[in-house]
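The structure appears right after this line, and notes come after that.
The values are calculated or read from the model by the stated rules, or taken from the named source; none is laboratory data. None of the values given here were measured: they were computed from a predicted structure. As a convention, Cβ positions derive from the backbone with ideal geometry for all residues, glycine included, and neighbour counts pool all protein chains shown. With ligands, DNA and RNA removed, areas are computed over all heavy atoms of the protein, side chains included. Shrake-Rupley method; radii C 1.70, N 1.55, O 1.52, S 1.80 Å.
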Amino acid sequence: MPELPEVETVVRGLRAALPGRIITGLHFGNTDFIADLPRLEAALPGASIEEVCRFGKFIGLRLAAPHGANGNRPASWLLVHLGMTGQFVVCRADSPVRPHTHVWLALDDARELRYTDIRRFGKMRLMDAAELPSFLARLGSEPLEVSFEAFCSALSRRAMIKALLLDQHVFRGLGNIYTDESLWRARIHPRRLGARLKPSERRALYAALRRVLADAIRLRGSSISDFVDSAGSPGDYQRRHRAYGREGEPCYRCGTKIRRIIVAGRSSYFCPRCQPAPKGRSQRAVRRQSR
Ligand SMILES: [Zn+2]
């Protein structure tokens, strides 16, 4: 599933290709992942793409409507979430269409912006610019922008650290890969309670998270299965994974075998030696479940 670095990689590619372009036509395949299709069909033709932004795992295209009779150009946002397998690619209009392509936006430069999604867990919707602030207010903080103080207060809860990091109302954009990678680097067990982390551990986690996200953006994301950037190329960060997907393989620090357990309903990979389990009941649960 694309997380913050993958979505940022797509956004950077789209930002190099789209601003200033006009949408000249639309074509849809399956549309069950699109909210209010008639609204898209009415608003997109003739609209110009002014800006490309990332909001957590959402891609936002700011659109200006064509000049109306009264001359005003009300702005709107096309928001796209890639779900599990979504791909948002700019290509020449005559390039072959990949299977599971569901949206074609024709552009005024003989190219197309295409949305492809095998599993269709993605989402697409249009909203007025005035609606955006309330939409963003429901998302958590941007992990690369949050201050250390705000980071600490967001984590000061009696919930497992992994669950807190994954909660999109706490931080926007984090998923399984980058939480596991950050927790491994900070030497924190995924079942530790956020409120019980020592100040030094909070500092280590804050630094690890920023480092992991920045490195992953630099390497243009992780391609585990389907991820490609806006030009259709895979990322490279999967070669740097230290915990995620490495069950049974030796820890890069101490050689102990990486284990996988379920935390917050998701697989969590960690080193049982570098990331000691919390004391008490949860520790026994870890032993039971991690075999
Ligand atoms: Zn280790």
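Quick check: anything in the range 22-42 charged (D, E, K, R) and surrounded by 17 or more Cβ atoms within 10 Å (Cβ to Cβ)?
Here is the first cut: in the range 22-42, the ones charged (D, E, K, R) are 32, 36, 39, 41.
Narrowing further to those that are surrounded by 17 or more Cβ atoms within 10 Å (Cβ to Cβ): none.
No; the residues of the range 22-42 include none that is charged (D, E, K, R) and surrounded by 17 or more Cβ atoms within 10 Å (Cβ to Cβ).
Among the conditions (1) open to solvent by less than 20 Å² (accessible area, probe 1.4 Å); (2) at pLDDT below 95, R240 misses just one, which is (1). Scanning the range 261-281 for residues that are more than 14 Å from the ligand (Cβ to nearest atom) and part of a strand (DSSP E or B) yields I261, I262, V263, R266, S267, S268.
In the list L155, L193, L136, L164, which residue meets the criterion of being open to solvent by 30 Å² or more (accessible area, probe 1.4 Å) and touching a helix residue (DSSP H, G or I) at 6+ places or on another chain (Cβ under 8 Å)?
Values: L155 fails: open to solvent by 30 Å² or more (accessible area, probe 1.4 Å); L136 fails: touching a helix residue (DSSP H, G or I) at 6+ places or on another chain (Cβ under 8 Å); L164 fails: open to solvent by 30 Å² or more (accessible area, probe 1.4 Å).
From the options L155, L193, L136, L164, the qualifying one is L193.
Would you check if there is a residue in the range 203-221 being away from the ligand (no atom under 14 Å from the Cβ), in a loop (DSSP other than H, G, I, E, B) and either β-branched (V, I, T) or closer than 18 Å to I161 by Cα (or both)? Among the residues of the range 203-221, not one is away from the ligand (no atom under 14 Å from the Cβ), in a loop (DSSP other than H, G, I, E, B) and either β-branched (V, I, T) or closer than 18 Å to I161 by Cα (or both), which makes the answer no. Of all the listed residues (V228, V263), the sole one being over 30 Å from W104 (Cα atoms) and aliphatic (A, V, I, L, M) is V263. Per this entry, S233 is counted among residues that are within 20 Å of the chain's Cα centre (by Cα) and either surrounded by fewer than 19 Cβ atoms within 10 Å (Cβ to Cβ) or modelled with pLDDT of 95 or more (or both). Every test in (1) among the hydrophobic types (A, V, I, L, M, F, W, C); (2) surrounded by 15 or more Cβ atoms within 10 Å (Cβ to Cβ); (3) in contact (Cβ under 8 Å) with a residue 60 or more places away in the chain is passed by I224 save one, and that test is (3). Residue-level analysis places V52 among those that are hydrophobic (A, V, I, L, M, F, W, C), in contact with a helix residue (DSSP H, G or I) (Cβ under 9 Å, 6 or more places away or on another chain) and surrounded by 14 or more Cβ atoms within 10 Å (Cβ to Cβ). The numbered conditions (1) at pLDDT below 95; (2) under 30 Å from V146 (Cβ atoms) are all true for E50 except (1). Quick check: is even one residue across the range 76-93 more than 27 Å from D226 (Cβ to Cβ) and either open to solvent by less than 50 Å² (accessible area, probe 1.4 Å) or not assigned by TED's automatic domain parsing to the domain that holds E50 (or both)? Checked the range 76-93: at least one residue is more than 27 Å from D226 (Cβ to Cβ) and either open to solvent by less than 50 Å² (accessible area, probe 1.4 Å) or not assigned by TED's automatic domain parsing to the domain that holds E50 (or both). Considering (1) of a type in the set (G, A, S); (2) crowded, with 16+ Cβ neighbours inside 10 Å; (3) at pLDDT below 95, the lone condition that G68 does not fulfil carries the number (2).
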